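Single-structure report; data block below.
No lab work stands behind these numbers, since they all come straight from the coordinates. These numbers come from a predicted model, not from an experiment. Positions of Cβ are generated from backbone atoms using ideal geometry, with glycine treated the same way; all protein chains shown enter the neighbour counts.
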Amino acid sequence: MLTPAHLTLIQWLSPAFPTGAFAYSHGLERQISTGVVTDAASLEVWLTNVLRYGAGWQDAVLLAQSLDGDSSALDDLARALQPCAERLQETREQGAALARTVAGITGRVLPMRSLPVALGEAAKPLDLPKLDVISLYLQGLAGNLVTIAIRHIPLGQTEGQLVLSRLLPLIHDLARSAADATLDDLGGCALAGDLAALQHETQDVRIFRT
């Protein structure tokens with residue numbers, strides 16, 4: 001059953017919530033500019049790898065641990081896991097914006113954390129199942145990147161939403177696995193995405209911050 005807590009979380013993860021997610025492409029701008037991602041099929045492959053082997057899985061595990069763990073120690077780990085300066089900037093700035101806005105709405109004092117840790121800390125009082133929180137987070141991550149692709153490949157709205165729809169089973173499976181994971185399960189191997197983020201740092205013409 002959809003509860004007020006679910007609706008609150010959906011609001012926090014909405015594109016309208018002022019985390020500035022629209023300004024970060026997670027290296028996708030670089031992949032589009034070099035011709036790696038050119039259509040719906042290549043976008044789906046790239047997003048699948050990000051979710052399964054890259055930041056998707058890493059963030060999902062960190063979020064799960066943050067929902068019932070020591071957020072301060074987890075934030076140090078989350079920062080250390082970032083492969084480059086832009087990715088660190090991305091998670092820190094979005095996390096700070098999320099914490100700041102949730103604090104303004106709720107009156108709670110929330111420290112500045114990396115994005116998945118900030119969300120976990122903010123969402124603890126909602127008392128939602130980990131599976132629900134992680135699933136909605138991963139859908140928001142994928143949805144933002146699909147929106148970027150729609151605007152800059154360019155890709156039709158329907159094609160972009162079809163890509164996101166095909167990713168939903170993967171998102172659910174990853175969320176279910178992450179909900180039961182431990183910190184020992186952290187690890188990633190999305191090297192092309194990490195290299196794209198590194199290369200984006202010195203790209204001459206840039207629309208997005210990462």
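Numbers below:
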quantity	calculated
Failed condition for E90, given (1) in a loop (DSSP other than H, G, I, E, B); (2) of a type in the set (D, E, K, R); (3) within 18 Å of L47 (Cβ to Cβ)	(1)
Some residue of segment 75-86 being small (G, A, S), on the phi > 0 side of the Ramachandran plot and surrounded by 19 or more Cβ atoms within 10 Å (Cβ to Cβ)	no
All positions within segment 28-64 that are touching a Pro at 6+ places or on another chain (Cβ under 7 Å) and not in a helix (DSSP H, G or I)	none
Single residue of segment 145-156 satisfying the filter (surrounded by fewer than 21 Cβ atoms within 10 Å (Cβ to Cβ) and not small (G, A, S)) that is nearest to the chain's Cα centre (by Cα)	T147
Residue within segment 42-62 that is surrounded by fewer than 17 Cβ atoms within 10 Å (Cβ to Cβ), touching a Lys or Arg at 6+ places or on another chain (Cβ under 7 Å) and touching a residue at least 24 places away in the same chain (Cβ under 8 Å) present	no
Residues located in segment 110-141, provided they are closer than 14 Å to A97 by Cβ and assigned to a loop (DSSP other than H, G, I, E, B)	L110, P111, M112, R113, S114
Total residues in segment 183-210, condition touching a Lys or Arg at 6+ places or on another chain (Cβ under 8 Å) and loosely packed, with under 15 Cβ neighbours inside 10 Å	1
